Amino acid sequence: MSSNIWYHGQLVVNNDCLYRTMAQSVYTAFHDIDEFIVPHSKDARTYSDIIPPELPNDTCGYRFASAFFDPVVATQLPDNVMTVFSTARTEVISKVRTKVMVMPRRVFEVGIHHVSKQLLEPWESRTFSPERALLHHYRECLYDYGMRCDSWVNDTTIRDHYMPELNIRIATAEEALEKAEIQY
């Protein structure tokens, strides 16, 4: 990417994705490769469990608050998947560094952390309760936008709700990579 394009062209990429998925997807989520929107409700394991099949008439999507899972803070990280073993999460949950899941047909333009312009003025992106779902951001914690990187809580949601299925999928992927003789 040219250094003349702001933030590596992420806005262009996000909006290209928005328009490409508009005719074929009910929902499209916008987040980085080191971020995951994770259901936190005890009764929810998938997006379908937390997002209604049809949005209310005044809604174009949902904003998910975020928290850092800093690998430097983790007590031990084996050579396995960081999302399972990194359980130290910032106590402060950011309502600024949000990411969105939208109904593309109702959105004109997305930003990096928000819906920039919905197609109809009455439609809004609603804030999703962190108790129901939270954006897990696996990277070094950044002291910006009111984030505090000095207070941590233990969050084992990934390990408690998804570990058995993740282990099967990881083993399958590792086996396929070994068969193809691809180093990982």
Residue count, region 123-146, condition open to solvent by less than 50 Å² (accessible area, probe 1.4 Å), assigned to a strand (DSSP E or B) and more than 12 Å from A67 (Cβ to Cβ), comes to 2
Go through region 1-58 residue by residue and tally those that are open to solvent by less than 70 Å² (accessible area, probe 1.4 Å), under 20 Å from L135 (Cα atoms), hydroxyl-bearing (S, T, Y) and outside any loop (DSSP other than H, G, I, E, B).
-> 1
For region 147-155, does any single residue satisfy the condition of being open to solvent by 60 Å² or more (accessible area, probe 1.4 Å), in a loop (DSSP other than H, G, I, E, B) and over 28 Å from V115 (Cβ atoms)?
-> yes
Which one is nearest to A67 (Cα to Cα), of the residues in region 98-115 that are in contact with a Leu (Cβ under 9 Å, 6 or more places away or on another chain) and part of a strand (DSSP E or B)?
-> T98
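The values are calculated or read from the model by the stated rules, or taken from the named source; none is laboratory data. Only a predicted model underlies this, so the values are computations on that prediction, with no experimental measurement involved. Heads up, the Cβs are rebuilt from the backbone with ideal geometry, glycines too, and the neighbour counts pull from every protein chain shown. Ligands, DNA and RNA are excluded from the accessible area calculation, which covers all protein heavy atoms including side chains. Shrake-Rupley method; radii C 1.70, N 1.55, O 1.52, S 1.80 Å.
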